[in-house]
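For reference, the structure discussed in these notes is given below.
Just so it is clear, none of the values below were taken in a lab; they were calculated from the coordinates. The shown structure was predicted, so the numbers you read here are calculated from the model rather than taken from an experiment. As a convention, Cβ positions derive from the backbone with ideal geometry for all residues, glycine included, and neighbour counts pool all protein chains shown.
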Amino acid sequence: MKMSKIQLVMTYLIVAVGIGAIVITLALLASYGMTDILKQFTVWLTASAVIGVASIVYENATLSHFTATLIHAPITAAVALCSGWILGYGDGSFSLLILRMLPTIIIIYAVIHLVLFLFRRAALSDLNHRLQEK
C-alpha cells in the first residue's frame, strides 16, 4: 500500500532523528566521554533500538495485532525496566523501580499505540476513498 504524504514525511522524520541521535551520541562520547546525561541518553537510545527490533513482531502476518501486542508489550516493559535499573531509577529496589516506572511505561505505550491506530485508520480511509472512486 502506498504511503500518504504525511506518512512519508513522518517516516523520513523519524529515520532522520534516529540517525542524528546516534551520530550526535557518538560525537559527544568521543568529545566528552561518558557523562551522567550522556549515560541516560545512551541507555535509552539503546533501549529504543531493542524495542524497535522487537517491533518486527507486528510484521508477522500470521499474528493478529492483539497477539503481537501481547508479545511486544512485556518485551517493551522489560527493556524499559532494565534500562531504569541500569540508571538507578529504583534506588536498588525492584519494587520501587516498578512503582516509579510502570505507570509511565503504560501511558507511553498506550499513546504510541493510539497514534499508530489513528495512522492505520487514516490509511484505510484513504484506501476506501480511492476504491470508491474507481
* Number of the exception - Ile6 against (1) outside any helix (DSSP H, G or I); (2) of a type outside the set (D, E, K, R); (3) closer than 17 Å to Phe119 by Cβ -> (1)
* Identify, from the list Thr35, Thr69, Thr25, the residue that is of a type outside the set (A, V, I, L, M) and over 19 Å from the mean Cα position of the chain (by Cα). => Thr35
* Please indicate, with yes or no, whether at least one residue in the stretch 87-99 is among the β-branched types (Val, Ile, Thr) and more than 24 Å from Met3 (Cα to Cα). => yes
